[in-house]
Amino acid sequence: MKKHLMTAFLMTIATTILLGLIYPLVITGLARVLFPNKANGQIIYRNGEAIGSRIIAQPFTAAKYFHPRPSAAGNGYDAANSGGTNLGPTNQKLIDRVRADAATLQQENPSQPVPVDLITTSASGLDPEISPAGAEFQIPRVARERGFPESKIRELVQKHTHPRDLGLLGEPRVNVLELNLALDELGRKR
(Lines give C-alpha, C1' and ligand atoms only; values in the text may rest on other atoms or scores of the structure.)
Protein backbone atom coordinates (compact mmCIF):
# COMPACT_ATOMS: atom_id res chain seq x y z
CA MET A 1 0.00 0.00 0.00
CA LYS A 2 2.80 2.41 0.94
CA LYS A 3 4.60 1.61 -2.31
CA HIS A 4 1.44 2.41 -4.35
CA LEU A 5 0.90 5.70 -2.51
CA MET A 6 4.51 6.72 -3.11
CA THR A 7 4.22 5.82 -6.83
CA ALA A 8 0.96 7.81 -7.12
CA PHE A 9 2.51 10.79 -5.33
CA LEU A 10 5.63 10.78 -7.54
CA MET A 11 3.52 10.36 -10.68
CA THR A 12 1.38 13.34 -9.63
CA ILE A 13 4.49 15.48 -9.08
CA ALA A 14 6.04 14.35 -12.39
CA THR A 15 2.91 14.99 -14.47
CA THR A 16 2.33 18.35 -12.75
CA ILE A 17 5.85 19.48 -13.64
CA LEU A 18 5.71 18.06 -17.15
CA LEU A 19 2.17 19.09 -18.12
CA GLY A 20 1.69 22.08 -15.84
CA LEU A 21 5.05 23.79 -16.30
CA ILE A 22 7.28 22.41 -19.04
CA TYR A 23 4.62 21.83 -21.73
CA PRO A 24 2.99 25.30 -21.40
CA LEU A 25 6.41 27.00 -21.41
CA VAL A 26 7.51 25.12 -24.54
CA ILE A 27 4.24 25.83 -26.38
CA THR A 28 4.31 29.51 -25.35
CA GLY A 29 7.93 29.81 -26.46
CA LEU A 30 7.18 28.18 -29.83
CA ALA A 31 4.15 30.42 -30.34
CA ARG A 32 6.20 33.55 -29.59
CA VAL A 33 8.87 32.48 -32.07
CA LEU A 34 6.61 31.18 -34.86
CA PHE A 35 3.63 33.56 -34.45
CA PRO A 36 4.89 36.59 -32.46
CA ASN A 37 1.99 38.91 -33.35
CA LYS A 38 -0.73 36.39 -32.54
CA ALA A 39 0.96 35.14 -29.36
CA ASN A 40 1.15 38.66 -27.96
CA GLY A 41 -2.50 39.65 -28.34
CA GLN A 42 -2.45 41.04 -31.90
CA ILE A 43 -1.72 44.53 -30.59
CA ILE A 44 -1.91 47.37 -33.11
CA TYR A 45 0.77 50.04 -32.74
CA ARG A 46 0.86 53.56 -34.12
CA ASN A 47 4.06 55.58 -33.77
CA GLY A 48 5.39 52.99 -31.32
CA GLU A 49 2.37 53.28 -29.02
CA ALA A 50 -0.11 50.46 -28.47
CA ILE A 51 -3.57 51.68 -29.45
CA GLY A 52 -5.63 48.50 -29.28
CA SER A 53 -5.98 44.83 -30.06
CA ARG A 54 -7.45 43.25 -33.17
CA ILE A 55 -9.10 40.57 -31.04
CA ILE A 56 -10.61 42.54 -28.12
CA ALA A 57 -13.27 45.19 -28.66
CA GLN A 58 -12.79 48.72 -27.47
CA PRO A 59 -15.49 51.28 -26.81
CA PHE A 60 -16.03 53.86 -29.54
CA THR A 61 -18.75 56.32 -28.61
CA ALA A 62 -17.99 59.38 -30.77
CA ALA A 63 -20.44 59.75 -33.65
CA LYS A 64 -17.59 59.92 -36.19
CA TYR A 65 -16.62 56.30 -35.44
CA PHE A 66 -18.23 52.95 -36.12
CA HIS A 67 -19.50 51.48 -32.87
CA PRO A 68 -18.89 47.88 -31.81
CA ARG A 69 -21.45 45.50 -30.37
CA PRO A 70 -22.69 46.39 -26.89
CA SER A 71 -20.67 44.82 -24.09
CA ALA A 72 -21.76 43.26 -20.83
CA ALA A 73 -18.15 42.58 -19.74
CA GLY A 74 -17.60 44.35 -16.43
CA ASN A 75 -18.01 48.07 -17.00
CA GLY A 76 -17.97 47.47 -20.73
CA TYR A 77 -15.21 45.92 -22.84
CA ASP A 78 -13.36 44.88 -19.69
CA ALA A 79 -11.20 41.86 -20.57
CA ALA A 80 -10.74 41.04 -16.88
CA ASN A 81 -14.51 40.52 -16.56
CA SER A 82 -15.30 38.88 -19.88
CA GLY A 83 -18.76 37.43 -20.12
CA GLY A 84 -22.31 37.97 -21.16
CA THR A 85 -25.22 39.02 -19.02
CA ASN A 86 -26.65 35.50 -18.82
CA LEU A 87 -30.10 37.05 -19.10
CA GLY A 88 -32.59 34.81 -20.86
CA PRO A 89 -34.65 35.95 -23.85
CA THR A 90 -37.72 36.46 -21.66
CA ASN A 91 -35.91 38.51 -19.00
CA GLN A 92 -37.60 41.91 -18.78
CA LYS A 93 -34.32 43.73 -18.06
CA LEU A 94 -32.84 42.38 -21.31
CA ILE A 95 -36.00 43.13 -23.28
CA ASP A 96 -36.07 46.72 -21.99
CA ARG A 97 -32.37 47.30 -22.78
CA VAL A 98 -32.67 45.88 -26.31
CA ARG A 99 -35.82 47.93 -26.99
CA ALA A 100 -34.15 51.12 -25.73
CA ASP A 101 -30.99 50.49 -27.77
CA ALA A 102 -33.07 49.69 -30.87
CA ALA A 103 -35.14 52.88 -30.43
CA THR A 104 -31.97 54.98 -30.08
CA LEU A 105 -30.41 53.42 -33.18
CA GLN A 106 -33.67 53.72 -35.12
CA GLN A 107 -33.54 57.50 -34.60
CA GLU A 108 -30.07 57.49 -36.13
CA ASN A 109 -31.21 55.71 -39.28
CA PRO A 110 -35.04 55.62 -39.40
CA SER A 111 -35.36 54.10 -42.86
CA GLN A 112 -33.41 50.92 -42.02
CA PRO A 113 -34.06 47.96 -39.72
CA VAL A 114 -31.53 47.75 -36.87
CA PRO A 115 -29.11 44.81 -37.31
CA VAL A 116 -29.33 42.43 -34.38
CA ASP A 117 -25.60 42.56 -33.61
CA LEU A 118 -25.84 46.27 -32.81
CA ILE A 119 -28.30 45.66 -29.97
CA THR A 120 -27.18 42.29 -28.56
CA THR A 121 -24.00 41.50 -26.67
CA SER A 122 -21.68 38.67 -27.61
CA ALA A 123 -21.02 35.79 -25.22
CA SER A 124 -17.67 37.26 -24.18
CA GLY A 125 -18.72 40.92 -24.34
CA LEU A 126 -15.45 41.55 -26.18
CA ASP A 127 -16.33 40.77 -29.80
CA PRO A 128 -14.14 43.09 -31.92
CA GLU A 129 -16.23 42.62 -35.06
CA ILE A 130 -19.64 43.54 -36.36
CA SER A 131 -21.58 42.20 -39.30
CA PRO A 132 -21.40 43.95 -42.67
CA ALA A 133 -25.06 44.89 -42.08
CA GLY A 134 -24.08 46.47 -38.75
CA ALA A 135 -21.41 48.54 -40.50
CA GLU A 136 -23.73 49.44 -43.39
CA PHE A 137 -26.32 50.69 -40.90
CA GLN A 138 -23.78 53.12 -39.40
CA ILE A 139 -22.45 54.51 -42.71
CA PRO A 140 -24.86 57.51 -42.92
CA ARG A 141 -23.92 58.74 -39.43
CA VAL A 142 -20.18 58.30 -39.94
CA ALA A 143 -20.26 59.93 -43.40
CA ARG A 144 -22.27 62.88 -42.07
CA GLU A 145 -19.98 63.39 -39.06
CA ARG A 146 -16.80 63.14 -41.12
CA GLY A 147 -18.06 65.13 -44.10
CA PHE A 148 -17.43 62.35 -46.60
CA PRO A 149 -19.83 60.98 -49.19
CA GLU A 150 -21.48 57.74 -48.11
CA SER A 151 -20.00 56.00 -51.15
CA LYS A 152 -16.46 56.67 -49.88
CA ILE A 153 -17.26 55.24 -46.43
CA ARG A 154 -19.03 52.27 -48.06
CA GLU A 155 -15.87 51.52 -50.09
CA LEU A 156 -13.84 51.55 -46.89
CA VAL A 157 -16.30 49.18 -45.20
CA GLN A 158 -16.17 46.80 -48.17
CA LYS A 159 -12.37 46.91 -48.13
CA HIS A 160 -12.38 45.95 -44.43
CA THR A 161 -15.02 43.23 -44.68
CA HIS A 162 -13.46 39.83 -44.03
CA PRO A 163 -15.12 36.83 -45.75
CA ARG A 164 -15.97 33.53 -44.13
CA ASP A 165 -12.88 31.62 -43.02
CA LEU A 166 -11.92 29.00 -45.60
CA GLY A 167 -14.99 30.12 -47.54
CA LEU A 168 -17.44 28.33 -45.24
CA LEU A 169 -16.69 28.88 -41.55
CA GLY A 170 -18.27 31.73 -39.63
CA GLU A 171 -19.88 34.79 -41.14
CA PRO A 172 -18.52 37.80 -43.02
CA ARG A 173 -17.38 40.41 -40.52
CA VAL A 174 -15.84 43.85 -40.10
CA ASN A 175 -13.19 44.57 -37.45
CA VAL A 176 -14.31 47.83 -35.83
CA LEU A 177 -10.86 48.98 -34.64
CA GLU A 178 -9.23 48.41 -38.03
CA LEU A 179 -12.10 50.20 -39.79
CA ASN A 180 -11.94 53.19 -37.42
CA LEU A 181 -8.17 53.44 -37.86
CA ALA A 182 -8.67 53.44 -41.64
CA LEU A 183 -11.26 56.22 -41.20
CA ASP A 184 -8.76 58.30 -39.23
CA GLU A 185 -6.16 57.70 -41.94
CA LEU A 186 -8.65 58.76 -44.61
CA GLY A 187 -9.27 61.95 -42.66
CA ARG A 188 -5.54 62.69 -42.48
CA LYS A 189 -5.14 62.29 -46.25
CA ARG A 190 -7.86 64.83 -46.90
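The values are calculated or read from the model by the stated rules, or taken from the named source; none is laboratory data. In this text the structure is predicted, and so the values were computed from the model without any measurement. With ideal geometry, Cβ positions are generated from the backbone for all residues, glycine too; neighbour counts draw on all protein chains shown. All accessible areas refer to the heavy atoms of the entire protein, side chains included, with ligands and DNA or RNA removed. Shrake-Rupley method; radii C 1.70, N 1.55, O 1.52, S 1.80 Å.
Points worth noting:
- Angle between the chain longest axis and helix 23-34 axis [Cα atoms, degrees, rounded to 10]: 40 degrees
- Fraction of accessible area attributable to carbon and sulfur, the chain (%, probe 1.4 Å): 61 percent
- Taking all protein chains together and rolling a 1.4 Å probe, ILE44 ends up with roughly 20 Å² accessible.
- Where the chain is the region considered: accessible area per residue in Å², 1.4 Å probe: 64 Å²
- Dipole of the chain, positive direction: furthest Cα of ASN175, ILE153, GLY52, with charges on the beta-carbon: GLY52
- Acute angle (nearest 10 degrees) that the helix 150-159 long axis makes with the longest principal axis of the chain, alpha-carbon atoms: 20 degrees
- Per residue Cα convex hull volume in Å³ - calculated over the chain: 206 Å³
- Shape of the stretch 28-85, Cα gyration tensor, a/c cut at 1.5: oblate
- GNM flexibility winner over the chain from ASP165, ASP127, ASP101 (Cα, springs under 10 Å): ASP165
- Residue of PRO36, PRO24, PRO115 that the Gaussian network model of the chain assigns the largest fluctuation, springs spanning Cα pairs under 10 Å: PRO24
- Spatial separation of Cα centroids for the stretch 85-153 and the stretch 3-19, in angstrom: 54 Å
- For the stretch 90-190: rounded, prolate or oblate by the Cα gyration tensor [a/c cutoff 1.5]: oblate
- Relative contact order of the chain, pairs being alpha-carbon contacts under 8 Å that are 6 or more residues apart, as %: 19 percent
- Under 19 Å from the Cα of LYS38 - aspartates and glutamates, other chains or at least 8 residues apart: GLU49, ASP127, GLU129, ASP165, GLU178
- For the pair ALA103 and LEU186 in one chain, pulling the backbone fully straight at 0.36 nm per residue adds 26.8 nm over the alpha carbon distance.
- Between 0 and 90 degrees, the angle of helix 176-189 with respect to the longest Cα principal axis of the chain falls at about 50 degrees.
- Taking VAL176, VAL33, VAL98 in turn, the Gaussian network model of the chain (Cα-Cα springs below 10 Å) assigns the largest fluctuation to VAL33.
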